[in-house]
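Only one structure is covered here, and it is reproduced in the block below.
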Amino acid sequence: MLDLVVRGGEVVTPHGRILVDVGVHDGRIATLSVQDGRGEARREIDATGLLVLPGLVDPHVHLGHRVLLENEWVIAADDFSSGTRSAAVGGNTCVIDFALQRKLDPASTLAARKADCADKAIIDYSFHVVLTRSERATGDAIAAVVNAGVPSFKLYLIYRKQGRMADDGLLFNTLVEASRTGAIVGVHAENAAIAEYNTASLLEQGATSPVDFARSKPNHVEAEAINRVIFLAEHVGAAVYIFHLSTREGAELVARARARGVRVHAETCMHYLLLTESCYAGVDGHRYICSPPLRTARDVDALWRGIVDRTIGVVSSDHCGFSTAAKERGSSDFTRAPNGLPGVTLRLPLLFTHGVAAGRIRVEDLVALLSTNPARLFGLYPRKGAILPGSDADLVLVDPARRKTVRADDLDSRVDWSPYEGTELLGWPVLTIFRGEVVAQDGKCVTTLARGRFLERQPSPNTER
Ligand code: URP
Ligand code: ZN
Ligand code: ZN
């Protein structure tokens, strides 16, 4: 007998919508059957009038993120436990966070991060290993990390002072090793030297406001780094992933490279699709400091075009939520601001409202952007990102007609503010089912069980839908 059947809903995949019931056994999808009301199960969920999507995969979150600012560690509001709760509320059933190399070798870095996060997560998870040590041993260790189930890396091309930056030697050698092992190399693409030069000049002039933060990293800071990464990836034949693409120039570079067959993939985030640099001029402008910075309406338009023409295959949250108090540190000096915005709970209604309901994309595209493509690119498909027999029984039920106003207090998150506070959104997740069990309902996490597991991933062909 089935453990659960989700009846009467409209199942959505990147390839279409179909009225089928989803039967679950032992945490996996067991049956997809025409809706004739037959077939018994221990539990039934009535999804009439709802869309049934594969559980969302957020391939870019920072939980328990800490940054060294003025010799003090500043820690993001969400730890692994609270962050995965919020993620579940937002319809996610898997997140990919980071294992940041500090003093250890890459394999030990991964092992330590896994140990730190064990038995805390509400939903499944993995990590991208962030390489920072530019030495032969780092490149030599890449195969061991891939064999340990992590075929993806992140290199920060910025944040030199925080000890997170990868130089071009490390970038090049990581690409070489990635092409040998089948791994994909993600990059935070910003030119450190130009940004540091600009920052120093601005500080000399006493220009330290949030508006000046955006001036320190104009579009070419991102575009140059993307150009460099694409050049090297093309030369080596490696697959690369541009994290948080924010500029029209960057989108253009990615589009052109993809057209000539370079294995470059790009994500953007809802904040780059919805917010502009005008946020920095407000009284709470410092709260919007994130890297890369928010851009102009022209960039926003170009990113939406990139979504539509599939230059951009993924919309992640880059959830890095600092409290109002932590953000306050940067109110009069942007160099003291912890960078990052919260977003893991709102990807779905934001993209539904401004993408699907606004007529820019179809709900099938939303599924590809928020679930199937990240699962495919990072070696989780078809376990995640699919509604197929044998896939994990990870489903998010969405009410396409449900309107609600964003209130940070309603998001079951430790982050005490939202960039979207007071805006009305459509298409909220009403139920998140994770490996066959309901974990979140109507904006609340309804479990305390940490059933999430570290998922070992395989190198994948790195193709989108
Ligand atoms: O501003 C951001 N995005 N902070 C999080 C760390 C990163 O760069 O992804
Ligand atoms: Zn980044
Ligand atoms: Zn990030």
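Quick one: grab the alpha carbon gyration tensor of segment 344-412, order the square roots of its eigenvalues as a ≥ b ≥ c, and give me rounded if a/c is under 1.5, else prolate or oblate depending on whether a/b is larger than b/c. Prolate, since a/c reaches 1.5 and a/b exceeds b/c.
Reducing segment 27-80 and segment 107-172 to their Cα centroids gives an inter-centroid distance of 24 Å. The relative contact order of the chain comes to 22 percent, based on Cα pairs under 8 Å that sit 6 or more residues apart.
Straightening the chain between residue 103 and residue 200 buys 32.1 nm, computed as 0.36 nm per residue apart minus the Cα-Cα spacing.
Ligands, DNA and RNA left out, the 1.4 Å accessible surface of the chain is 49% carbon and sulfur atoms.
Ordering 69, 48, 84 by Cα displacement along the dipole of segment 41-94 toward the positive end leaves 48 in first place; charges were set at the Cβ atoms of Lys, Arg (+1) and Asp, Glu (-1). Relative contact order, whole percent, for segment 144-251 stands at 30, derived from Cα pairs under 8 Å and 6 or more residues apart. Over the chain, accessible surface divided per residue gives 37 Å², non-protein components excluded, 1.4 Å probe. Once the Kirkwood radius over Cα pairs is known for segment 242-304, the Stokes-Einstein relation at 37 °C and 0.692 mPa s delivers a diffusion coefficient of 267 µm²/s. According to the Cα-based calculation, Rg over Rh for segment 220-363 is 0.99, with Rh computed by the Kirkwood formula. Around the Cα centre of segment 142-202, unit charges on the Cβ atoms of Lys, Arg, Asp and Glu (plus for the first two, minus for the last two) sum to a dipole of about 160 debye. With no solvent and one point on each alpha carbon, what is the Debye value of log10 I(q)/I(0) for segment 290-409 at q = 0.13, 0.14, 0.17, 0.22 Å⁻¹? The Debye formula, applied to the Cα set alone, gives -0.68, -0.77, -1.05, -1.35. Each of residue 402 and residue 220 was given a label point 7 Å from its Cα along the Cα-to-Cβ line. The distance between the two points is 4.8 nm. Check the straight Cα-Cα distances from residue 161 and name the lysines below 20 Å, setting aside those fewer than 8 residues away within the same chain. Reachable lysines: 103, 217, 327.
Quote the relative contact order of segment 1-104 in percent (integer), defining contacts as alpha-carbon pairs under 8 Å separated by 6+ residues.
This gives 25 percent for segment 1-104.
Taking a ≥ b ≥ c as the square roots of the eigenvalues of the alpha carbon gyration tensor, segment 350-454 is oblate, as a/c is not under 1.5 and a/b does not beat b/c. Annotation: the antiparallel percentage among DSSP beta bridges lying fully within segment 64-129 is about 40. Each Lys and Arg Cβ is given +1 and each Asp and Glu Cβ -1; about its Cα centre, segment 136-287 then shows a dipole of about 360 debye.
For the chain, what is the charge dipole size about the Cα centre, in debye to the nearest 20, if Lys and Arg each add +1 at the Cβ and Asp and Glu each add -1 at the Cβ?
Roughly 600 debye for the chain.
When the charge dipole of the chain is built from unit charges on Cβ atoms (+1 for Lys and Arg, -1 for Asp and Glu) and taken about the Cα centre, the candidate among 353, 242, 377 whose Cα reaches farthest toward its positive end is 377.
The label point for residue 68 and the one for residue 231, both projected 7 Å from the Cα toward the Cβ, are 3.1 nm apart. Computed from the C-beta positions of residue 424 and residue 46, the FRET efficiency with R₀ = 25 Å rounds to 0.40. For segment 46-127, the Kirkwood estimate of hydrodynamic radius, built from reciprocal distances between every pair of different alpha carbons, is 14.2 Å. For segment 374-414, what log10 I(q)/I(0) values come out of the Debye formula at q = 0.14, 0.20 1/Å, with one point per alpha carbon and no solvent? Those come out to -0.56, -0.78, one per q. Here the sum of -39500 (n - 2.57) over DSSP H runs of 4 or more residues, divided by the residues of the chain, equals -8000 deg cm²/dmol at 222 nm, to the nearest 500. Couplings for segment 440-452, taken from phi via the Karplus curve 6.51 cos²θ - 1.76 cosθ + 1.60 with θ = phi - 60°, read 8, 8, 6, x, 10, 6, 10, 9, 10, 6, 8, 8, x Hz in order; Gly and Pro are left as x.
Across segment 398-462, Cα-Cα pairs farther apart than 17 Å form 58% of the total.
Please say if the chain is rounded, prolate or oblate, where rounded means a/c under 1.5 for a ≥ b ≥ c the square roots of the C-alpha gyration tensor eigenvalues, and otherwise the choice is prolate for a/b larger than b/c and oblate otherwise?
Taking the square roots of the gyration eigenvalues as a ≥ b ≥ c, the chain is prolate.
Database remark: amide H of residue 341 closer than 5 angstrom to the amide H of 320 (H placed geometrically; neighbours at sequence offset of 5 or more, or on other chains; Pro and chain starts carry no H).
Between residue 160 and residue 35, the modelled label-to-label distance comes to 5.9 nm, taking each label 7 Å out from Cα in the direction of the beta carbon.
Computed extension gain for residue 410 through residue 193, at 0.36 nm per residue and net of the alpha carbon distance, reaches 74.0 nm.
The values are calculated or read from the model by the stated rules, or taken from the named source; none is laboratory data. Small disclaimer: the values here were computed from a predicted structure and weren't measured. No Cβ is skipped: glycine too gets one built from the backbone with ideal geometry, and neighbour counts run over all protein chains shown. Quick note on the areas: whole protein, heavy atoms, side chains included, nothing else; ligands and nucleic acids left out. Shrake-Rupley method; radii C 1.70, N 1.55, O 1.52, S 1.80 Å.
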